[in-house]
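Just below is one structure, and these are the notes that go with it.
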Amino acid sequence: MKRYLLILLLAGCASRAPEPEPSAPPPPPPIPETPLARESVAIAGLMESARNDAAAGRLVQAAGSLERALRIEPRNPRLWHELAKVRLRQGDAAQAANLAARSNSFAGSDAALRSANQNIIEQARTVR
Amino acid sequence: MRSATGRTEGGSTITQQLVKNFFLTPERTLRRKFTELVMAVLLEMHYGKEEILETYLNEIYLGQDRDRAIHGVGLAAQFYFGKEVRHLSIAESALLVAMVKGPAVYDPRRHATRALDRRNLVLHEAKEQGSITLEQYSLARAMPLGVVPKPETGTTPYPAFVQLVQRQLRRDYDDKDLRSEGLRIFTALDPRVQNAAEHALATRLAQFDREKRFGPPGMEGSVVVADPQSGEIQALVSGRDPRYRGFNRAVDAARPVGSLLKPVVYLTALQEPAKYTLVTPIDDGPFVWKSRGAPDWEPQNYDKKFHGMVPLRTALAQSYNAATARLGTDIGVEKVLDNVRRLGIERPLKPFASTLLGAVELSPLEVAQMYQTMASGGFKTPLRAIREVTTQEGKPLARYALRVEQAIAPEPAYLITAAMQGVVREGTAQGLKGMLPPETNIAGKTGTTDDQRDAWFAGFTGDRLAVVWVGYDDNRAARLSGAASALPVWGDLMAALQPEPLELAKPENIETVLIDPQSGLRADMSCPGALEIPFAAGSTPAGRAPCASELGVTVQEVKQKAKSWLDRLFGR
């Protein structure tokens, strides 16, 4: 009993819980098995630990997790973007700009991601 | 199979174990246990049981190869049976399941009887639950363990790869640091890829030797396989005897590259979209290059013929020498060489016109670097044999980080890749067609040098880049073209790995239109044999082909366009 209570409490605190809001419309039916869907558990986990490491200032570890994830999904523009952010924080402006450009090359029509990448490229320019 | 999916030590569910393996560190605290539980619940809400089980199977600990932990059924299948998971028999699969409970206790190499008993217990359970039939059960039960011998300690089965690792380490660390204990080196070597490469090369070389009857020493060869996105070197074969610890042809044998350099000439042209597109007519008439103090240079074509005006993409696909020499000298040899450097070749190259046709000596590894940059949309990633170096305690040293550099703009990189796909679809590398599914959309280039002393093939799929060289160490003429010798090795190797199709990320400024191959003008669906060709924005041909004239365009207009095209063509 106590344990379940704690689960609910903690679940409520988890900021990036993949669970949809109770009021939200029912989630779409699960996507049929694709290699991508199967890898996503691993990618989600690595992204999460990279974010936690980055937040705690463990930038080398964060970059390590992102590189691992990129080995599984080399065409995932979010991963390249996250790695660009880590490099920028590490003071490697040139790499940050190149990684952001790499992210753009896979970003397709994701305007938000493109502008976030552009942002990194411009920041990198001012640092240099 | 309850024995595989049931509860184990500490009362964790599979999902919790997965969380533990994957997301968290192995410390044991109460807080951690709770976090684990929460993550497990979230995971189960978000992902299906099957996905979780699958991920679990890919992460589970199944044994120890000296300092290397064997995680996941894929690695375990290789480690214990020397094969891929999908090729495992029921008995072999049951043995892996049996080992989940304790890979050391049930190690089939050290405790064969115990392992066999437990395997048979698993088989029994499987039969009881109806996962296998009685017949399958009896057959599997009668099978031996089928475990392959463990590789010897102290020697590496991959001396060529290890040599490269040592060299990269020595470049970055003092010998003293390397000798003193403490560094842990994680390499990018993929044994499955390495084995496929070794096997493909050895088999084909033996076949060529039989056909040639030149006598010993036989033909030699080398192979480099890398991941085009990460730049990680997955396999390196230095010769027909991959266990030989001597001369490393893949790294140290610089040989003339022949036509492997041609894509760089065409890439340089495509960087000027106002002047050159994939359909721009190029002159493959006789060509003479005069320079002071040197004899005239008159490159011949491989078929000893000249082909007149041909579309740029065809000149590359058919590897026409006269057209390439004319194009390269028009653009400027220096400009082409500048691109060779940008693509990652560090050794100085002579600024001669003959360099354009590959009178340049490069190692297979250098060629792989050059093609890696093209294969990843113009982003150069230095090829690395080492993934990570950590201290004894596992603290990463950030020396071998993934680095990318935008060396070539995305548009010309996209166009040259499309042109290299044409080499396989309709050019000199059509031999690959029978070896791999057409939807793989391979991009590549054959290379053959004077008197066929060196035969090359360099190419890439969606997930792998490979370079193959074949020839004689004593520089004898092999009398085999790149298409006849290096290409089959490449094809065998890739076919064994079932590569992902090459799907290029299309840059924003690229548009694809239908083109009539005869006229090089815009076509529509009514044009027979019309091809989809990509263009840099603004460089798409304006004129419509005669076959497309019913699109509301007058015949007069078409004639006008055709005339101006002809004028441009012959006015140059």
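Of all strands (runs of 3 or more DSSP E) completely enclosed by segment B:235-305, which ones contain at least 1 residues that are crowded, with 21+ Cβ neighbours inside 10 Å?
Strands (runs of 3 or more DSSP E) meeting the threshold: B:281-284.
With the requirement that a residue be within 20 Å of B:GLY447 (Cα to Cα) and of a type in the set (Gly, Ala, Ser), what does segment B:297-351 give you?
B:ALA315, B:ALA317, B:SER319, B:ALA322, B:ALA323, B:ALA325, B:GLY328, B:GLY344
Just checking, how many residues over segment A:89-106 are more than 9 Å from chain B (Cβ to nearest Cβ) and within 15 Å of the chain's Cα centre (by Cα)?
Qualifying residue count for the region: 2.
Grab the helices (runs of 4 or more DSSP H) fully contained in segment B:6-97, keeping just those with 2 or more residues being modelled with pLDDT of 85 or more.
By residue number, B:72-76.
Give the residues of segment A:43-58 that are among the aliphatic types (A, V, I, L, M) and either facing another protein chain (nearest Cβ under 9 Å) or not in a helix (DSSP H, G or I) (or both), sorted by residue number.
Listed by number, the residues that qualify are A:ALA44, A:LEU46, A:ALA56.
Could you tell me how many of the residues in segment A:103-128 are without any contact (Cβ under 8 Å) to a residue 24 or more places away in the chain and farther than 30 Å from B:GLU503 by Cα?
The total comes to 1.
Return yes when B:ARG476 is within 20 Å of B:THR448 (Cβ to Cβ) and over 27 Å from the mean Cα position of the chain (by Cα) and no when it is not.
Taking the combined requirement at face value, the residue satisfies it.
Kindly evaluate B:PRO501 against the criterion of being at pLDDT 95 or above, within 14 Å of chain A (Cβ to nearest Cβ) and closer than 19 Å to B:ASN441 by Cβ.
yes
For segment B:357-377, indicate whether the set of residues that are buried (at least 19 other Cβ atoms within 10 Å of the Cβ), under 30 Å from B:ARG170 (Cα atoms) and within 12 Å of another protein chain (Cβ to nearest Cβ) is non-empty.
Yes.
Yes/no matrix, rows are residues, columns are (1) without any contact (Cβ under 8 Å) to a residue 40 or more places away in the chain; (2) more than 19 Å from B:GLN406 (Cβ to Cβ); (3) in contact with a helix residue (DSSP H, G or I) (Cβ under 8 Å, 6 or more places away or on another chain); (4) of a type in the set (Val, Ile, Thr):
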{"site": "A:ALA50", "(1), (2), (3), (4)": "yes, yes, yes, no"}
{"site": "A:ALA56", "(1), (2), (3), (4)": "yes, yes, no, no"}
{"site": "A:LEU59", "(1), (2), (3), (4)": "yes, yes, yes, no"}
{"site": "A:LEU70", "(1), (2), (3), (4)": "yes, no, yes, no"}
{"site": "A:LEU79", "(1), (2), (3), (4)": "yes, no, yes, no"}
{"site": "A:LEU83", "(1), (2), (3), (4)": "yes, no, yes, no"}
{"site": "A:ARG87", "(1), (2), (3), (4)": "yes, no, yes, no"}
{"site": "A:ALA93", "(1), (2), (3), (4)": "yes, no, yes, no"}
{"site": "A:ALA101", "(1), (2), (3), (4)": "yes, no, yes, no"}
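Quickly run through segment A:73-88 and pick out the residues that are part of a helix (DSSP H, G or I) and within 8 Å of another protein chain (Cβ to nearest Cβ).
A:LEU83
What do you reckon, is B:ALA385 away from chain A (no Cβ under 14 Å) and touching a residue at least 60 places away in the same chain (Cβ under 8 Å)?
So B:ALA385 passes the test.
Kindly indicate the residue of segment B:160-209 that is part of a loop (DSSP other than H, G, I, E, B) and surrounded by fewer than 20 Cβ atoms within 10 Å (Cβ to Cβ) and also modelled with the highest pLDDT among those meeting that condition.
Once the filter is applied, the top-ranked residue is B:ASP190.
Would you be able to tell me the number of residues in segment B:482-506 that are surrounded by fewer than 16 Cβ atoms within 10 Å (Cβ to Cβ) and of a type in the set (D, E, K, R)?
Within segment B:482-506, residues that are surrounded by fewer than 16 Cβ atoms within 10 Å (Cβ to Cβ) and of a type in the set (D, E, K, R) number 2.
This table checks each residue for (1) at pLDDT 95 or above; (2) of a type outside the set (A, V, I, L, M); (3) surrounded by fewer than 17 Cβ atoms within 10 Å (Cβ to Cβ).
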| position | (1), (2), (3) |
| --- | --- |
| A:PRO26 | no, yes, yes |
| A:LEU36 | no, no, yes |
| A:GLU39 | no, yes, no |
| A:ALA63 | no, no, no |
| A:ALA84 | yes, no, no |
| A:ALA93 | yes, no, no |
| A:PHE106 | no, yes, no |
| A:GLN118 | yes, yes, yes |
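Given the structure, is B:SER222 in contact with a Lys or Arg (Cβ under 6 Å, 6 or more places away or on another chain), more than 14 Å from every other protein chain (Cβ to nearest Cβ) and under 13 Å from B:TYR158 (Cβ atoms)?
No, not satisfied.
Within segment B:112-123, take every residue that is loosely packed, with under 15 Cβ neighbours inside 10 Å and not hydrophobic (A, V, I, L, M, F, W, C) and give me the one that is farthest from B:ASP65 (Cα to Cα).
Filtering segment B:112-123 for residues that are loosely packed, with under 15 Cβ neighbours inside 10 Å and not hydrophobic (A, V, I, L, M, F, W, C), the one farthest from B:ASP65 (Cα to Cα) comes out as B:ASP117.
The values are calculated or read from the model by the stated rules, or taken from the named source; none is laboratory data. All values reported here derive from a predicted model rather than from experimental measurement. Cβ sites come from the backbone with ideal geometry, for glycine too, and all protein chains shown count toward neighbours.
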